[in-house]
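Here's the structure we're looking at; comments come further down.
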Amino acid sequence: MAIGDPFWMGVNYWPRRKAMYWWAEFDAGEVREEFAMIRDIGLTHVRFFLLWESFQPSPDRIDAKALRNLRGVCDSAADLGLKLQPTFFTGHMSGPNWAPDWLVSPRPRPAEGRPLVSLGRRTPSPNAIFNMYTEPFVLEAEELQLRAVCGELRDHPAVWAWSLGNEPDLFCQPPSADAGRAWVARMVNTIKLVDPSRPVLIGLHGVSLHADVGFRVDHAAQVSDLSVMHGYSIYDRLARHPLDPDYVPFTCALTAALADRGVLYEEFGVCTRIPNRASGYQDVELPLGVRLHQFFCSEEDGAEYYRQVLPRLQRVGALGAFAWCFGDYIPELWDRPPCDFFVHERSFGLFRGDGSLKPAARAVGDFAKARPTVCAAERTVTLPVSPDVYYQNPAAYLKDLYNLFGSLSSR
């Protein structure tokens, strides 16, 4: 992309009435209705997720019905003028990890492991999954899925990019950074053999700035077409406060420094209170006896957060920004994963569960309708060391780099 090109404005999508169950309970009319809502607030891009178990019920078979439904999703997007980014190998999502039953291994899961959901049910088994970056039969299964899906959609006008995963280290970590880079390279090459024209990326998140978790930002940049980052000031202790408007722009600029190229900020947002009331903390009980002191904001504070962050992202040279996420989930989903334990996942939406606009939707829509463009970065991050040295101990540099970055106005 070049200075002056359109700044991509998008949203991450799960249906507000179906969440992760939409492929199993597919409703084409529901998708078209919600895509129209996205278009109507001025957004142009949608990132969505191919739940692994829905698309690949066995290692050697891709579900034909899921492929037909996927094409229908793309047809609706094309009719509405939206550009889509399908995301493979989902995988980690909104607290739990979601795995087809054939990916669950006999190996015990670490005590600190995330809850595992398979076939739509939270698994009682304490098992882990096969390592998806090194296990031969899993690698072959992954390549089969890429060939099938990309082959089905390589000429579809709605598809603008392919993604290899969502925060993949939370689902499964490669044994080393070199193994992570090799896996990304292998998957990118598999796609390019089928569809050489569209960019391929992988959805890294803030943990890849804090530590070497097998996916380094610089390594991903070497073998993919586009760099992205996810970041949440409500989660990261690096943020100066839960609604710190400089945290997302800083992590975008740091990612750009590590990648040595521009960055699409692919996920950011805040969870709001249901029913709406003043911002504050709430104790949430998670699986495995974990207690979370979680920040929830008022709908008005959430809108102001977007108003502050979006222009700051533009000013650090970001290529675009995708909100997390399309909609709050309806109460009928609150007793199912992920909403049962991960209460904060119920309410990250731009829209409420009943489909009405939250103030954040208006804030994001106002920014999008102003037709923002990609700008030269007014403020950058300069690494004092090479990426190799940085990844030996990121904590030695992060806080100082943020202090040097300072604060931006929202003008």
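The values are calculated or read from the model by the stated rules, or taken from the named source; none is laboratory data. It should be emphasised that the depicted structure is a prediction, and the values quoted were computed from it without experimental measurement. A quick note on method: Cβ atoms are made from the backbone with ideal geometry, for glycine too, and the neighbour counts reach across all protein chains shown. We work out accessible area using only protein heavy atoms, side chains counted, and drop any ligands, DNA or RNA first. Shrake-Rupley method; radii C 1.70, N 1.55, O 1.52, S 1.80 Å.
Please work out if ALA361 is out of contact with any Ser or Thr (no Cβ under 8 Å at 6 or more places or on another chain) and farther than 15 Å from GLY42 by Cα. Lay out the reasoning, then the answer.
Numbers: out of contact with any Ser or Thr (no Cβ under 8 Å at 6 or more places or on another chain): yes; farther than 15 Å from GLY42 by Cα: no.
So ALA361 fails the test.
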Considering only residues that are of a type in the set (Val, Ile, Thr) and either free of Cβ contacts under 8 Å to residues at least 12 places away in the same chain or open to solvent by 10 Å² or more (accessible area, probe 1.4 Å) (or both), which ones fall in segment 50-74? ILE62
Looking only at segment 342-356, count how many residues are surrounded by fewer than 17 Cβ atoms within 10 Å (Cβ to Cβ) and in contact (Cβ under 8 Å) with a residue 60 or more places away in the chain. 1
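Each row is one residue, and each column tells you yes or no for (1) open to solvent by 10 Å² or more (accessible area, probe 1.4 Å); (2) without any contact (Cβ under 8 Å) to a residue 24 or more places away in the chain; (3) closer than 22 Å to LEU404 by Cβ.
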| position | (1), (2), (3) |
| --- | --- |
| VAL217 | no, no, yes |
| ALA221 | yes, no, no |
| ARG237 | yes, yes, yes |
| PRO245 | yes, no, yes |
Of all residues being out of contact with any Asp or Glu (no Cβ under 8 Å at 6 or more places or on another chain) and open to solvent by 70 Å² or more (accessible area, probe 1.4 Å) in segment 94-121, which is modelled with the lowest pLDDT? Just the residue, please. ALA111
Would you check if PRO6 is open to solvent by less than 20 Å² (accessible area, probe 1.4 Å), out of contact with any Pro (no Cβ under 7 Å at 6 or more places or on another chain), over 17 Å from CYS150 (Cα atoms) and in contact (Cβ under 8 Å) with a residue 40 or more places away in the chain? no
For LEU226, the lone unmet condition from (1) within 20 Å of ALA99 (Cα to Cα); (2) touching a strand residue (DSSP E or B) at 6+ places or on another chain (Cβ under 6 Å); (3) in contact (Cβ under 8 Å) with a residue 60 or more places away in the chain is (1)
Checking TRP160 against (1) open to solvent by less than 20 Å² (accessible area, probe 1.4 Å); (2) modelled with pLDDT of 95 or more, which test does it fail? (1)
Tally the residues that are open to solvent by less than 40 Å² (accessible area, probe 1.4 Å) and assigned to a loop (DSSP other than H, G, I, E, B), restricting the search to segment 176-215. 10
Answer yes or no: is there a residue in segment 263-277 that is among the polar types (S, T, N, Q), in contact (Cβ under 8 Å) with a residue 12 or more places away in the chain and in contact with a Gly (Cβ under 6 Å, 6 or more places away or on another chain). yes
Please work out if CYS339 is open to solvent by 40 Å² or more (accessible area, probe 1.4 Å) and either touching a residue at least 60 places away in the same chain (Cβ under 8 Å) or closer than 20 Å to ASP246 by Cα (or both). no
Residue by residue through segment 222-261, note down the ones that are part of a loop (DSSP other than H, G, I, E, B) and within 12 Å of LEU201 (Cβ to Cβ). SER224, ASP225, LEU226, ARG261
Filter segment 263-299 down to the residues that are outside any strand (DSSP E or B) and surrounded by 15 or more Cβ atoms within 10 Å (Cβ to Cβ) and list them by number. GLY269, VAL270, CYS271, ARG273, ILE274, ASN276, SER279, LEU286, PRO287, SER298, GLU299
What are the pairs, 6+ residues apart or on separate chains, where a residue within segment 111-124 that is closer than 17 Å to THR90 by Cβ has its Cβ under 9 Å from a residue that is of a type in the set (Asp, Glu) and modelled with pLDDT of 70 or more? VAL117/GLU53; SER118/GLU53; SER118/ASP101; LEU119/GLU53; LEU119/ASP101; GLY120/GLU53; ARG122/ASP340; THR123/ASP101
Result of the Cβ filter at 6 Å on segment 24-49, keeping first residues that are more than 18 Å from GLN85 (Cα to Cα) and in contact (Cβ under 8 Å) with a residue 12 or more places away in the chain and partners that are open to solvent by less than 20 Å² (accessible area, probe 1.4 Å) and assigned to a helix (DSSP H, G or I), at least 6 apart or interchain, is ILE41/ALA361; ILE41/GLY365
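For segment 214-243, which residues satisfy the criterion of being farther than 16 Å from TYR397 by Cβ, touching a Leu at 6+ places or on another chain (Cβ under 9 Å) and not aromatic (Phe, Trp, Tyr)?
Within segment 214-243, ALA220, ALA221, SER224, ASP225, LEU226, SER227, VAL228, MET229, HIS230, GLY231, SER233, ILE234 qualify.
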